[in-house]
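First up is the structure itself, then whatever we jot down about it.
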Amino acid sequence: MQNEIEVLQMTDMQHDLSLKEFNTFGIDARAALFARPENLEQLTLLLEEYDHRQLPFLIIGEGSNILFKSDFEGLVVNPGMKGIELMEDNGQQVLIRVGAGENWDNWVQHATEQGWFGLENLSLIPGSVGSAPIQNIGAYGVEMKDRFAWLDAWDLQQKQSVRLQKEECSFRYRSSIFKTEARGRYIITHVAFRLNRAPDLKLGYGPVKEAFSLAGGSTPLDLRNVIISIRNQKLPDPDTHGNAGSFFKNPLVDMTIFKCIRVDYPDIPNYPDSENRAKIPAAWLIEKAGWKGKRMGNVGTWPSQPLVIVNYGGATGQEIFDFSEQIRNDVDRKFSVYLEREVNVV
Ligand SMILES: Cc1cc2nc3c(=O)[nH]c(=O)nc-3n(C[C@H](O)[C@H](O)[C@H](O)COP(=O)(O)OP(=O)(O)OC[C@H]3O[C@@H](n4cnc5c(N)ncnc54)[C@H](O)[C@@H]3O)c2cc1C
């Protein structure tokens with residue numbers, strides 16, 4: 001079939017490919033088919049040929065927020081659109097459109113070096129630009145939505161390219177329509193950001209201000225370097241210890257439950273929420289449930305950050321999943337708080 005050969009060549013289609021290099025847990029799951037379309041034309045050709053409704057279908061960026069429990073008997077699509085395009089510049093703000101296949105941290109570095117400011121706190125978050133809106137990535141007091149303008153995506157329902165504005169994406173804490181009501185509907189191809197020409201340093205979160213002043217920092221590039229150094233000290237490097245960052249979200253807990261926990265733990269850390277709930281650090285709950293630094297076989301929690309589950313080498317996706325479920329059950333039993341996963345389980 002001529003079209004199939006064309007698709008195979010254009011999108012670098014591969015059969016029975018190991019995904020080990022495509023997920024930061026380092027799980028050796030296999031994809032029946034794997035393709036990397038590099039532009040919209042290749043993507044549409046691919047979708048025409050392998051209609052997504054006939055085959056199980058998965059989009060993958062750099063696999064830093066995915067846990068494969070088993071092989072994937074379908075088509076894995078890895079959007080490879082590249083490019084950083086200056087769309088508008090009014091002297092105070094710039095609007096930049098970035099390809100989904102660009103690496104997130106390379107983009108943040110490029111933006112900071114160009115004098116396009118506002119993303120410094122999100123430095124060193126693993127993954128691709130196209131995945132950043134999915135869970136509205138956030139760190140150190142900044143979320144992607146704060147700098148987001150719009151995105152371009154292929155709508156698998158309408159079979160056409162669409163532009164979604166910020167209000168349409170329902171960005172929330174580690175969530176968006178792409179993780180909820182529109183899960184699996186869109187393939188994000190480009191994301192546009194509105195950034196400032198003048199530095200706009202966000203130093204209000206936890207240890208950032210102190211580390212910034214200790215380092216004698218004054219510029220956005222200094223802030224980026226401070227964030228990188230904090231992250232390097234705190235989080236395991238997926239190249240040496242397979243992991244996907246925070247495995248669970250910080251839960252928003254009803255005040256009644258919160259007050260019950262506080263009876264036994266008067267020092268419980270929490271952040272009040274507008275809807276009369278309290279956000280409790282999941283790491284604290286996991287630690288108090290006895291899971292800090294705990295290891296079972298090849299899987300464990302990271303000693304200095306129990307929210308991160310680590311593949312110490314050779315663990316299967318199922319082992320990691322089972323370990324995470326034990327944590328979840330223990331926290332639920334002890335505190336009546338059900339932890340929601342941040343990681344996408346496939
Ligand atoms: C060490 C470490 C630290 C981390 N720290 C943070 C942190 O501080 N803050 C934070 O928010 N996250 C953090 N994460 C999680 C992760 O970096 C982000 O979720 C990141 O956005 C995932 O990007 P990815 O390309 O690897 O996505 P993947 O894991 O490949 O995919 C994630 C989800 O997005 C979907 N998806 C991917 N690309 C597209 C696309 N183009 N169109 C539609 N759907 C798509 C996938 O189907 C999947 O559901 C961390 C992870 C690690 C390993």
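What to note about this one:
- Rounded FRET efficiency, nearest 0.05, which uses the C-beta distance separating Asp16 from Leu40 and R0 of 30 Å: 0.65
- Per residue, the Cα convex hull of the chain amounts to 142 Å³.
- Centre-to-centre, using Cα atoms only, the range 241-278 and the range 14-34 are separated by 35 Å.
- In this rough spin-label picture, where each label sits 7 Å from Cα along the Cβ direction, the Ser304-Ser336 distance is 3.7 nm.
- Residues of the range 318-346 with an amide N closer than 17 Å to a point placed 7 Å from the Cα of Ser175 along the Cα-to-Cβ direction: 337-345.
- Part-to-part distance (alpha-carbon centres) for the range 283-327 and the range 133-168, which is given in Å: 31
- Modelled FRET efficiency - R0 22 Å, Arg163 with Asp51, Cβ distances, 0.05 increments: 0.35
- The loop-placed chymotrypsin sites (Phe, Trp or Tyr not before Pro) in the range 162-195, going by DSSP, that have at most 15 neighbouring Cβ atoms within 10 Å of their Cβ come out as Tyr173.
- Here's the picture: a label point sits 7 Å out from the Cα of Asp264 along the beta-carbon direction, and within the range 290-328 the residues with their amide nitrogen under 14 Å of it are 290-291.
- Candidates Val308, Val208, Val129: whichever shows maximal mean-square fluctuation once the chain is modelled as a Gaussian network with Cα springs under 10 Å: Val208
- Cleavage-rule hits, GluC sites (Glu not before Pro), the range 291-344, DSSP coil, Cβ neighbours within 10 Å at most 16: Glu340
- Using a Gaussian network model of the chain in which every pair of alpha carbons under 10 angstrom is joined by a spring, one finds that among Gly101, Gly242, Gly313 the greatest mean-square fluctuation is at Gly313.
- Between Asn276 and Glu73, the simple spin-label model (points 7 angstrom out along Cα→Cβ) gives 4.9 nm.
- One equal scatterer on each Cα of the range 133-208, no solvent, Debye formula: the resulting log10 I(q)/I(0) at q = 0.16, 0.23, 0.25 Å⁻¹ is -0.62, -1.06, -1.18.
- Per principal axis, descending, Cα span of the range 175-214 in whole Å: 46, 25, 12
- Sequence-distant lysines (8 or more away, or on other chains) whose Cα lies within less than 18 Å of Lys279: Lys249, Lys259, Lys288, Lys334
Computed from the coordinates by the stated procedures, all read-outs in this text should not be read as laboratory data. Just so you know, these numbers come straight off a predicted model, no measurement behind them. Backbone-built Cβ (ideal geometry, glycine too); neighbour counts: all protein chains shown.
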